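The structure under discussion appears below in the form of structure tokens.
The values are calculated or read from the model by the stated rules, or taken from the named source; none is laboratory data. It should be emphasised that the depicted structure is a prediction, and the values quoted were computed from it without experimental measurement. Using ideal geometry, Cβ is built from the backbone for each residue, glycine included, and neighbour counts are taken over all protein chains shown.
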Amino acid sequence: MIRCLLALPNAVPYYGVRRATWMNTMKTLLSILMAAAVLAGCTTGETEEVKPIPGSITYNGQPRTKLTKSPPGSVIHNSFYDQTGSKVLETYILQPDRTLKLTRREIIPDFPM
């Protein structure tokens with residue numbers, strides 16, 4: 001075997017070829033598993049719509065006044081306290097027809113743990 005390696009410096013012994021093939025297989029498998037884990041976190045479907053609660057700007061329907069000076073796509077933030085005393089932060093997006101769409105709600109308890 002030593003004579004073989006000295007004669008052909010780029011030659012790899014048989015057990016090295018098997019190990020290299022196994023390592024390439026494991027690298028490929030690991031890459032596929034990591035890509036699957038990353039893609040599993042992505043969502044392609046529509047998320048559930050956030051419904052207004054008492055205190056939301058759109059709780060009893062759209063407000064009477066339209067935001068005419070704000071461009072469509074503007075972000076509007078609203079904060080209030082709900083019936084349990086927790087602070088609620090809401091985010092709205094102004095639609096092209098000047099209605100508000102509730103896109104996000106975060107409820108912050110009084111005493112976070």
(message) Take Gln83 and tell me if it is assigned to a loop (DSSP other than H, G, I, E, B), free of Cβ contacts under 8 Å to residues at least 40 places away in the same chain and either closer than 30 Å to Phe111 by Cα or under 26 Å from the mean Cα position of the chain (by Cα) (or both).
(response) yes
(message) Given the criterion assigned to a helix (DSSP H, G or I), under 24 Å from the mean Cα position of the chain (by Cα) and modelled with pLDDT under 85, identify the matching residue among Leu30, Leu39, Leu6.
(response) Leu39
(message) Among the residues that make up region 97-106, is at least one of them in a strand (DSSP E or B), surrounded by fewer than 12 Cβ atoms within 10 Å (Cβ to Cβ) and without any contact (Cβ under 8 Å) to a residue 40 or more places away in the chain?
(response) yes
(message) touching a Pro at 6+ places or on another chain (Cβ under 6 Å) and part of a loop (DSSP other than H, G, I, E, B): which single residue out of Pro72, Pro63, Pro52 fits that description?
(response) Pro72
